[in-house]
Amino acid sequence: MKPFAYLRPASVAEAVRAGAGNPGARFLGGGTNLVDLMKLGVESPGLLIDVSRLPLDRVTRTDDGGLRIGATVRNSDLAAHPDVRSHWPALSQALLAGASGQLRNTATTGGNLLQRTRCPYFQDVSKPCNKRIPGSGCPAREGAHRDLAVLGHSQDCVATNPSDMAVALAALDATVQLHGPEGQRTVPATDFHRLPGDNPDQDTVIRPGELITEVVLPPPPAGAVSLYRKARDRASYAFALASVAAVLSVRDGNVDRVSLAFGGLAHRPWRARVAEDLLRGAPPTGDAFTRAVDAELEEARPLRDNGFKVDLARRLAVGALVELTTQAAPA
Ligand SMILES: Cc1cc2nc3c(=O)[nH]c(=O)nc-3n(C[C@H](O)[C@H](O)[C@H](O)COP(=O)(O)OP(=O)(O)OC[C@H]3O[C@@H](n4cnc5c(N)ncnc54)[C@H](O)[C@@H]3O)c2cc1C
Ligand code: SF4
């Protein structure tokens, strides 16, 4: 085992100071991903900065009726929070669709957003992988890629982002608050994760030494309902083959507000802007939903063994929108 130093800072400022200018430092949340990667030899930090006990464990309402979620709020606590269950059910459902009860009790909001891909080659240090060692190659493209990307992948990487929570946050127009050596900034959840391009070693736009301090949800649109649906190989304890988070409101018999994000299909949660544009003002019918989702998925470029994901995603999304239509109170 490679020795490492361990620090438990008392404040955000101390945590950021400890991480600044130290590329071998890693923030530790619940450790459910980072510690696994250390055991596999994928990560070998020289310093672990344990942020799990920072006073960032509150969920509070914002003045405008949104929600402020501290980075160390545990996935179980967030899923069970009465405000989340009532007003942002897609988020509660996404969290409960992930991992297991024990893992959710430990995993944090910040760590969940930054969990690494489950591509088998990434986790196996005996194999090349551009994400782990830039320039070493991508064996998944010709190898085992059934679970990997159909949208937005590149010649250099076909990995998917594994987080269920991140998909809900993308559909709910959340923002991520960051605190780093150069100050604080806010990034929309839809822009937080990136597509792989020719530098798949970068999962997100986070800068060296930046700490996630909060996630903020805007108030839910008036009359809107939301849900999260996930398809996986087992009923629990399995990552998404495809998933969808959807938000819908209906006004005067037509779609008013809609947002749709896919999980399990790309290197980041895939916000379905093409489908959303086609749906705004359209009748909330199965045919209209199918046409819009098909238009979005025209961009899909499945690999040899994962074409089934496109049809799976279409069915999930259309089913979710039809289900929401029955829940949406006509305005
Ligand atoms: C068997 C198994 C099944 C799972 N199934 C699912 C699933 O179906 N769906 C799903 O979504 N997830 C699943 N997970 C993943 C799980 O949700 C993540 O491991 C967990 O959310 C990570 O949170 P954590 O706090 O433990 O992160 P950690 O492991 O502590 O950290 C993860 C990364 O985030 C960084 N980090 C942590 N906190 C911060 C912060 N505040 N600011 C900046 N960087 C930070 C760390 O440095 C590290 O790089 C599964 C995990 C396991 C082991
Ligand atoms: S898909 Fe990405 S993570 Fe997987 S082997 Fe290729 S480069 Fe590595």
Checklist entry - Out of curiosity, is residue 228 in contact (Cβ under 8 Å) with a residue 24 or more places away in the chain and either open to solvent by 70 Å² or more (accessible area, probe 1.4 Å) or of a type in the set (S, T, N, Q) (or both)? => result no
Checklist outcome for this item: Filtering the range 31-51 down to residues that are among the small types (Gly, Ala, Ser) and buried (at least 21 other Cβ atoms within 10 Å of the Cβ) yields none
Item to check | Selection count, the range 270-282, where residues are open to solvent by less than 10 Å² (accessible area, probe 1.4 Å) and more than 18 Å from residue 326 (Cα to Cα) | outcome: 3
Item to check | Residue, farthest from ligand 2 (Cβ to nearest atom), within the range 88-144, restricted to residues that are in contact (Cβ under 8 Å) with a residue 24 or more places away in the chain and of a type in the set (Phe, Trp, Tyr) | outcome: 88
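Yes/no matrix, rows are residues, columns are (1) touching a residue at least 24 places away in the same chain (Cβ under 8 Å); (2) more than 15 Å from ligand 1 (Cβ to nearest atom); (3) farther than 26 Å from residue 258 by Cα; (4) not in a strand (DSSP E or B):
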residue: 152; (1), (2), (3), (4): yes, yes, no, yes
residue: 159; (1), (2), (3), (4): yes, no, yes, yes
residue: 169; (1), (2), (3), (4): yes, no, no, yes
residue: 173; (1), (2), (3), (4): yes, yes, no, yes
residue: 176; (1), (2), (3), (4): yes, no, no, no
residue: 187; (1), (2), (3), (4): no, no, no, no
residue: 196; (1), (2), (3), (4): yes, yes, yes, yes
Item to check | Single match in 262, 289 (criterion: surrounded by 24 or more Cβ atoms within 10 Å (Cβ to Cβ) and without any contact (Cβ under 8 Å) to a residue 40 or more places away in the chain) | outcome: 289
Checklist entry - Could you say whether any residue in the range 267-283 is at pLDDT 95 or above, over 29 Å from residue 186 (Cβ atoms) and touching a Phe, Trp or Tyr at 6+ places or on another chain (Cβ under 9 Å)? => result yes
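The values are calculated or read from the model by the stated rules, or taken from the named source; none is laboratory data. Predicted model only: the values in this text are computed from it and were never measured. Methodologically, a virtual Cβ is constructed for each residue, glycine included, from the backbone with ideal geometry; neighbour enumeration extends over all protein chains shown. We work out accessible area using only protein heavy atoms, side chains counted, and drop any ligands, DNA or RNA first. Shrake-Rupley method; radii C 1.70, N 1.55, O 1.52, S 1.80 Å.
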